[in-house]
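Notes follow once the structure below has been shown.
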Amino acid sequence: MKWKDFLQEKKLRVEFIITIIILSLVLFSLTNFLNFSEIRQGVVLPDPILKLFNPVNLTWLTFGLIYLSLITAIAIFLKDPTRFMLVIQAYSLMIIFRIIAMYALPLNPPENMIPLNDPFVQFFGTGKLLTKDLFFSGHTATLFLLFLFAPNKFFRNLFLICTITVAAAVILQHVHYSIDVIAAPFFTYTSYRIIILFHKNLINNWNFK
């Protein structure tokens, strides 16, 4: 389905506008919540996996794969407005789940954590270093969501490799507890299935694959 046909459908056009508004509100809420989370006292979880090794700084690898995945995803999803809209909806729902999970389980960062500084943000001298945006791993969840919505085997394999590599990297760097990373795909898949089931008729009518 092309953008011209997509936007000619009033129902889809309205839903897309609402989707963008909801995404903006969710991201705004997430920003405020993360600032609140940073000043809130949490607990340190015992993690036998992290105790097996000292942290390794893999910041550049992590963000290199994240930016590669996001740029690739935008390029391919923009060609399919239906898929693009559903990705945004699933991502927004995933963020809502993440806010709820972080609120319910306040955590302090793992011991010996090497902070994950975004090279792009740090280069331009903006942004705030976050260390308590933990349960569950947003980086892992986002990349796994791209895998679930990928349009073909090549991109599914690409996003899956990036997901596994980033998941391993944030554990090796002690940025997340291992349970953060293990839980991320479950929350992501739940968000994905809810959105897909909600749009079952739309997907069938427009041959969404």
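The values are calculated or read from the model by the stated rules, or taken from the named source; none is laboratory data. This structure is a prediction, so every number in the text was calculated from the model and none was measured. Here Cβ is always computed from backbone atoms with ideal geometry, including for glycine, and neighbour counts include all displayed protein chains. Surface areas here come from the heavy atoms of the whole protein model, side chains and all, with no ligands, DNA or RNA. Shrake-Rupley method; radii C 1.70, N 1.55, O 1.52, S 1.80 Å.
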Over the stretch 3-27, the set of residues more than 11 Å from Ser92 (Cα to Cα) and either surrounded by fewer than 11 Cβ atoms within 10 Å (Cβ to Cβ) or of a type in the set (Val, Ile, Thr) (or both) is Lys4, Gln8, Lys10, Lys11, Val14, Ile17, Ile18
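Of everything in the stretch 174-184 that's part of a helix (DSSP H, G or I) and surrounded by 21 or more Cβ atoms within 10 Å (Cβ to Cβ), which residue is nearest to the chain's Cα centre (by Cα)?
Residue satisfying both the conditions and the ranking: Ala184.
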I'd like to know if the stretch 145-164 contains one or more residues that are over 23 Å from Leu86 (Cβ atoms), buried (at least 18 other Cβ atoms within 10 Å of the Cβ) and modelled with pLDDT of 90 or more. no
Select from the stretch 28-48 the residues that are of a type in the set (A, V, I, L, M) and open to solvent by less than 70 Å² (accessible area, probe 1.4 Å) and write down the one among them that is nearest to Ile99 (Cα to Cα). Leu30
Looking at Ile76, is it open to solvent by less than 40 Å² (accessible area, probe 1.4 Å), assigned to a helix (DSSP H, G or I) and among the hydrophobic types (A, V, I, L, M, F, W, C)? yes
When you look at His139, is it at pLDDT below 95 and either more than 16 Å from Ile95 (Cβ to Cβ) or among the β-branched types (Val, Ile, Thr) (or both), yes or no? no
Within the stretch 9-46, take every residue that is at pLDDT below 90 and among the acidic types (Asp, Glu) and give me the one that is farthest from Ala167 (Cα to Cα). Glu9
Restricting attention to the stretch 48-86, which residues are under 15 Å from the mean Cα position of the chain (by Cα) and among the aliphatic types (A, V, I, L, M)? Leu65, Ile66, Leu68, Leu70, Ile71, Ala73, Ile74, Leu86
Residue list for the stretch 49-65, filter: assigned to a helix (DSSP H, G or I), buried (at least 17 other Cβ atoms within 10 Å of the Cβ) and among the hydrophobic types (A, V, I, L, M, F, W, C): Leu50, Phe63, Leu65
